[in-house]
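S.K.: I have a structure here, written as structure tokens, and I will follow up with some questions on it.
The values are calculated or read from the model by the stated rules, or taken from the named source; none is laboratory data. Just so it is clear, the model here is predicted, and its values are computed rather than measured. Ideal geometry is used to build each Cβ from the backbone, glycine not excepted, and the neighbour counts take in all protein chains shown.
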Amino acid sequence: MSGTASSMRRLISRVREENCQDARAADSANPVFKGKMAQDNDMENFLIFDEIVPQTGGRNVAFGNQLALDVLEKSTILLTDGTFAVAQAPFLQLWSIHAKFGDSTIPVVHVLMASRSKLDYSHALEKLKALLPNWAPTDYLGDLEIGQARAVADAFPGIQTSFCYFHLLQSWYRNLKKYHLDGLVHYGGPMYPFWSLLRCLPYGDVGNVEQDFRALVALLPTPLTPDMQKYEEYLRKFYIGPRQTLMFPPTTWNVSNRTLRHLPRTTNAVEALHRNLERCVRDTRGRTSPLLSELLKCLRQEASKLKFDKEALDIDPLYEVSSSRKLKDVAKDKRILAVVQNNPAPGAAPLTGLDFLKAIRAAKKYT
């Protein structure tokens, strides 16, 4: 028995040393992903590719197991988002790709990127397409990064591109603060009628955005202050028009069609992944970002959860992949859908303009 115990101790020691060597290689100045760092928790392949992008010299390293690739290939929905908090040099960001699975959208592939140009995104997508010949998503939802969106559009001609509603409002609010107007939009404030209904504009008729926006501007205090004028110009320049070209035309941020089709309006599922990864940051003993070996541990855990969910779905088709949503959120979505469907009572006209936006505001429970 002592010999057996001694052999076991030597085996454990050897495995630990191999794991330490693999972690040190991943955490080196020029990361190398091998052994444990290239496998998932079931010792299956986890490293998809590790390549230099010829056009930019950047490095793309993609991770995901075979089940993740299978799920991605079957998904008609594509969501992407990048996070910088967990990226260690030489990488600038972790780019996460989500796919439809069961009742939810889940993270399936993660790409460490040393550069973030359109060419870098295109390289990653083309590498994945080569592995997934039947991958043909019809709908894309991402944040407000143009490079991502253009790369996706090039990779999948005809795909319907939308930008995340949450990121859209976040961008609008950042610029509100930039022009020192954020203190005026609280309930009862002079800009509250404008701001509370502007937040509802993405649900409106995409063909009437300019007209509805003019009606919103008319709700602002008069005369407009210079900062209010600058904010109006910012919205017109990038989102509303009239302009010959807009960086974010209304068709890309309007969510009425997605609502009617029961598609995600936000990349909050991706944001949930970020919150999970933030635990890596909190556990890094004072470092501002986790070591790559620590990050990969988190990604392997996500891959293990996918396997668990797949097994559960095979046993019970009614199994819910996502955690149960709050009843108030489900009720809110039903109210919003009813307004967007805009089916008036017999003899009544459909809601339009400010009346429609006010109905959305009420459905979202903005007072």
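S.K.: I need a count of the residues in the range 134-151 that are outside any loop (DSSP other than H, G, I, E, B) and either more than 20 Å from residue 202 (Cβ to Cβ) or in the same structural domain as residue 200 (by TED's automatic domain parsing) (or both).
M.R.: 3
Okay, residues lined up against (1) at pLDDT 95 or above; (2) in contact with a Ser or Thr (Cβ under 9 Å, 6 or more places away or on another chain); (3) polar (S, T, N, Q); (4) not assigned by TED's automatic domain parsing to the domain that holds residue 122:
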| site | (1), (2), (3), (4) |
| --- | --- |
| 11 | no, no, no, no |
| 14 | no, no, no, no |
| 47 | yes, no, no, no |
| 51 | yes, no, no, no |
| 59 | yes, yes, no, no |
| 62 | yes, no, no, no |
| 67 | yes, no, no, no |
| 87 | no, yes, no, no |
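S.K.: Go through (1) without any contact (Cβ under 8 Å) to a residue 12 or more places away in the chain; (2) under 16 Å from the mean Cα position of the chain (by Cα); (3) farther than 28 Å from residue 254 by Cβ and name the single condition residue 111 misses.
M.R.: Among (1) without any contact (Cβ under 8 Å) to a residue 12 or more places away in the chain; (2) under 16 Å from the mean Cα position of the chain (by Cα); (3) farther than 28 Å from residue 254 by Cβ, the lone unmet condition for residue 111 is (1).
S.K.: Looking at the range 175-201, which of its residues are within 29 Å of residue 261 (Cβ to Cβ) and either in contact with a Lys or Arg (Cβ under 9 Å, 6 or more places away or on another chain) or surrounded by fewer than 16 Cβ atoms within 10 Å (Cβ to Cβ) (or both)?
M.R.: 196, 197, 199, 200
S.K.: Something else now. Hey, can you tell me all the residues within the range 41-53 that are in contact (Cβ under 8 Å) with a residue 24 or more places away in the chain and not in a loop (DSSP other than H, G, I, E, B)?
M.R.: Listed by number, the residues that qualify are 48, 49, 51.
S.K.: Checking residue 167 against (1) modelled with pLDDT under 95; (2) touching a Gly at 6+ places or on another chain (Cβ under 8 Å); (3) over 27 Å from residue 51 (Cα atoms): exactly one of these is not met. Which one?
M.R.: (2)
S.K.: Restricting the search to the range 54-103, which residues are in a helix (DSSP H, G or I) and buried (at least 20 other Cβ atoms within 10 Å of the Cβ)?
M.R.: 68, 71, 72
S.K.: Can you tell me which residue in the range 309-347 is nearest to residue 204 (Cα to Cα), limited to those that are at pLDDT 90 or above and either loosely packed, with under 10 Cβ neighbours inside 10 Å or not small (Gly, Ala, Ser) (or both)?
M.R.: 340
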